[in-house]
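Working notes, beginning with the structure itself.
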Amino acid sequence: QVQLVESGGGLVQPGGSLRLSCAAPGSIFSPYVMGWYRQAPGQDRELVAFIRSDYRTYYADSVKGRFTISRNNANDTVFLQMNDLKAEDTAVYYCNVNPPMLKYWGQGTQVTVSS
């Protein structure tokens, strides 16, 4: 099975930064739109950002100007640079294709923004 592995989360103070990575094997996702999603406790999973194979991007209004999604199509690695983090960014962050497929959900990486 193909696995997507998220990493880079952690505990950070408000205003801090984190860079998340999503690693995939075999370069099979290069033609597809890749997205970052997040799920806070008691909340639905939401789309944070996506990036197309031509590198055009989309961001949720809540993260515009603070987050940057990027990708390396050669090795199917997707990144999410998160700056000026806020408490409301606290969530488990996942990557997947967009629209997502159930079989590609990984373990996610926890981002906690707290002083």
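The values are calculated or read from the model by the stated rules, or taken from the named source; none is laboratory data. Just so it is clear, the model here is predicted, and its values are computed rather than measured. All Cβ positions, even for glycine, are placed from backbone atoms using ideal geometry, and neighbour counts span all protein chains on display. The area values use the complete protein model at the heavy-atom level, side chains included, leaving out ligands, DNA and RNA. Shrake-Rupley method; radii C 1.70, N 1.55, O 1.52, S 1.80 Å.
Among the numbered conditions (1) touching a strand residue (DSSP E or B) at 6+ places or on another chain (Cβ under 6 Å); (2) open to solvent by less than 50 Å² (accessible area, probe 1.4 Å), the only one that ASP76 does not meet is (1).
If you go through the range 64-114 and keep only what is of a type in the set (A, V, I, L, M) and in contact with a Lys or Arg (Cβ under 9 Å, 6 or more places away or on another chain), you end up with VAL78, LEU80, MET82, LEU85, ALA91, VAL92, VAL111, VAL113. Restricting the search to the range 70-91, which residues are more than 11 Å from CYS22 (Cα to Cα) and free of Cβ contacts under 8 Å to residues at least 60 places away in the same chain? Passing the criteria: ASN73, ALA74, GLU88, ASP89, THR90, ALA91. Look at (1) within 23 Å of ASP84 (Cβ to Cβ); (2) open to solvent by 30 Å² or more (accessible area, probe 1.4 Å) and you find that ILE51 fails only one, number (2). The residue pairs whose first member lies in the range 44-61 and is basic (Lys, Arg), whose second member is surrounded by 15 or more Cβ atoms within 10 Å (Cβ to Cβ), and whose beta carbons are closer than 8 Å, counting only pairs six or more residues apart or on different chains, are ARG45/TYR37; ARG45/ARG38; ARG45/TYR94; ARG52/VAL33. For the criterion of being open to solvent by less than 60 Å² (accessible area, probe 1.4 Å) and closer than 20 Å to GLY106 by Cβ, ARG38 passes.
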